[in-house]
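**Student:** Okay, handing you the structure first.
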Amino acid sequence: MNLQSDDFELMGLPRQFALDRVLLDERWKALQKQAHPDRFAGEGGVAQRVAMQWSVRINEAYQRLKHPLKRAAYLCELYGVPVRAEDNTAMPAAFLMQQMEWREALDDAVSEEGINSLALEVASAKREMLEECEQLLTSSEGAKAAVQTVRSLMFVERFAQDIERRREQLEQ
């Protein structure tokens with residue numbers, strides 16, 4: 001293993017958006033078992049620190065790969081097309097209009113049924129975007145096109161969290 005390997009190499013998985021979550025979980029557990037600092041207790045502080053570095057690196061890779069949005073953004077970076085969500089907030093007008101409609105619907109939702117309906121619509125849009133990412137994230141050319149979808153997904157995920165907060169407010 002090499003600390004400089006990308007997450008896919010580290011986990012022994014193909015560099016692709018679609019992945020087998022069970023296999024990812026199994027690889028993570030196996031690697032953590034190999035690198036756990038307690039295994040190196042008798043070898044001194046240096047060996048334990050190195051094991052801790054490995055353990056942290058394995059956890060970082062696992063967290064990035066298990067979450068589809070993080071995995072998509074990471075693949076864009078690997079293809080040389082970073083998402084840059086923090087300094088590039090431009091979005092297509094149609095997407096902004098959709099966001100406004102969803103926000104209004106959430107503000108107007110006064111029942112669990114209304115919130116559930118909106119949550120289903122948002123989940124469906126998210127699924128479509130994830131499918132688009134899977135189709136696009138096979139090359140650097142596809143990654144260039146996928147960046148906008150990944151940035152849109154970031155908004156959709158935050159909005160889904162807003163829906164859940166609104167659901168909790170109604171339950172109180």
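**Student:** Of everything in the range 136-151, what is loosely packed, with under 15 Cβ neighbours inside 10 Å and either part of a loop (DSSP other than H, G, I, E, B) or modelled with pLDDT of 95 or more (or both)? Give them in sequence order.
**Tutor:** Step one: filter the range 136-151 for residues loosely packed, with under 15 Cβ neighbours inside 10 Å, giving 139-141, 144.
If the condition is that a residue be loosely packed, with under 15 Cβ neighbours inside 10 Å and either part of a loop (DSSP other than H, G, I, E, B) or modelled with pLDDT of 95 or more (or both), then 139 is the only one that fits.
**Student:** Against the definition (farther than 25 Å from residue 9 by Cα and loosely packed, with under 12 Cβ neighbours inside 10 Å), how does residue 154 come out, yes or no? I'd like the intermediate steps shown before the answer.
**Tutor:** Numbers: farther than 25 Å from residue 9 by Cα: yes; loosely packed, with under 12 Cβ neighbours inside 10 Å: no.
Spelling it out, it is not the case that residue 154 is farther than 25 Å from residue 9 by Cα and loosely packed, with under 12 Cβ neighbours inside 10 Å.
**Student:** With respect to the numbered conditions (1) outside any loop (DSSP other than H, G, I, E, B); (2) under 15 Å from residue 71 (Cβ atoms); (3) touching a helix residue (DSSP H, G or I) at 6+ places or on another chain (Cβ under 6 Å); (4) aliphatic (A, V, I, L, M), which one is the sole condition not fulfilled by residue 18?
**Tutor:** So residue 18 meets the others, but not (1).
The values are calculated or read from the model by the stated rules, or taken from the named source; none is laboratory data. All values reported here derive from a predicted model rather than from experimental measurement. Please note: Cβ atoms are built from the backbone with ideal geometry, for glycine as well, and neighbour counts cover all protein chains shown.
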